[in-house]
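This report concerns only the one structure given below.
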Amino acid sequence: MQRWLSFGASEVGPAHIATGKPNQDAWAAFHHAGFDVLVVSDGMGSKEFSEFGSAMACRAVDHAVCSLVLEGSESSLKDERARESFLDTLRDVWVEGIKPLTYKEASATCLFAFRTGDGTIWVGMLGDGLAAVVLNDGSARLLQDVKDESFSNMTQSLHGGTIASDWKLMGMSEKRCRAVLLCTDGVGDDLVDPEGFVSGFVDTFCKLPVVTAASDTANMLIDWPTPKHSDDKTIACLFKREYSDE
């Protein structure tokens, strides 16, 4: 027997501590009957209320996935038009959810993973950060925002005009997957070897009790080794654990 579990942690960055600003990252996990959802979001630092935008991104993803399952159309995501409709729903829920704010006040990135009853895990990414699927053989499949140096300050984010082609999206058989790891750019941008980090993280943390894994992840973010790091940092993990039927 197997179950999909989750844990994560988010720590405010030194720059925000120094200026008295809140953590603008958010993450959430939703475990429903028959399907699971994991989301990480980074509120854009230039926006006054970006912490509300990132929190609503988590709710918007869960709402869109729940609607998909209730309609019984999760298998249709293999069709491009169905994927576009799903991503448009996510965007529209977010736009409505942040009102009376607008994206100019509360824009945020969005990284998600979900598994549904059709045996597929979907991973999506809008903006920067790192999304990775660790396979049963220990290898990893990554989604990353690779920026040219000249465009290093330009990041995609949720807004009223977000379209499906703005997203990176991949689907994979649930049977092949051991875990999914989502990280904001405060983590992802500091990694010299992203695949090695992701595989090592899953090997180390996913063997632990969930509460211990969450606590140890928080401590790792607090003691982050990159010199002069300043950004908020968030890691969230959805993973498969085998249980004996006895």
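Using a Gaussian network model of the chain in which every pair of alpha carbons under 10 angstrom is joined by a spring, one finds that among 25, 216, 137 the greatest mean-square fluctuation is at 137. Towards the positive end of the charge dipole of the chain, with charges on Cβ (+1 Lys, Arg; -1 Asp, Glu), say which of 173, 192, 235 has the farthest Cα. The one lying farthest along the dipole's positive direction is 173.
At a Förster radius of 35 Å, what calculated FRET efficiency corresponds to the Cβ-Cβ distance of residue 96 and residue 211, to the nearest 0.05? Plugging the Cβ-Cβ distance into 1/(1 + (r/R0)^6) gives 0.50. Applying the Kirkwood pairwise sum to the alpha-carbon positions of the chain produces a hydrodynamic radius of 18.1 angstrom. A 1.4 Å probe run over the protein chains yields, for segment 90-246, 46 Å² of accessible area per residue, whole-number rounding. Shape summary of segment 38-81, radius of gyration then Dmax from alpha carbon positions: 13.8, 39 Å. Taking the chain as a Gaussian network of alpha-carbon nodes connected by springs under 10 Å, the highest mean-square fluctuation of the residues 22, 225, 194 belongs to 225. How large, in Å, is segment 64-110 by the Kirkwood hydrodynamic radius built from its alpha-carbon pairs? Evaluated over segment 64-110, this radius sits at 11.7 Å. Evaluated with a Cβ-only charge set (Lys, Arg +1; Asp, Glu -1), the chain carries a dipole of roughly 280 debye about its Cα centre, given to the nearest 20. According to the Kirkwood relation over distinct C-alpha pairs, the hydrodynamic radius of segment 1-82 is 14.8 Å. Using the 2.2 N^0.38 Å rule of thumb for compact globular proteins, work out how segment 30-137 stacks up: its C-alpha Rg over that value, please. My calculation over the Cα atoms of segment 30-137 gives 1.08.
Karplus-based coupling profile of segment 69-82, in residue order and whole Hz: 5, 4, 7, x, 10, 4, 5, 6, 5, 5, 8, 4, 5, 5, with θ = phi - 60° in 6.51 cos²θ - 1.76 cosθ + 1.60 and x standing for Gly or Pro. Projected onto planes of every orientation and averaged, the convex hull of the alpha-carbon atoms in segment 172-246 covers 6.1 nm². GNM on the chain, alpha-carbon springs under 10 angstrom: the most fluctuating residue among 89, 109, 226 is 226.
Sorting 73-83, 233-243, 178-188 by average packing, meaning the other beta carbons within 10 Å per residue, from highest down gives 178-188, 233-243, 73-83. Full extension of the chain segment joining residue 75 with residue 226 gains 50.2 nm, where the gain is 0.36 nm per residue of separation less the Cα-Cα distance. Among 125-136, 49-60, 10-21, sorting by the average number of other beta carbon atoms lying within 10 angstrom of each residue, highest first, gives 49-60, 125-136, 10-21.
The values are calculated or read from the model by the stated rules, or taken from the named source; none is laboratory data. These figures come from a predicted structure and were not determined experimentally. Reconstructed Cβ throughout: ideal geometry from the backbone, glycine too, with neighbour counts over all protein chains shown. Protein only, heavy atoms only, side chains kept; ligands, DNA and RNA dropped before computing areas. Shrake-Rupley method; radii C 1.70, N 1.55, O 1.52, S 1.80 Å.
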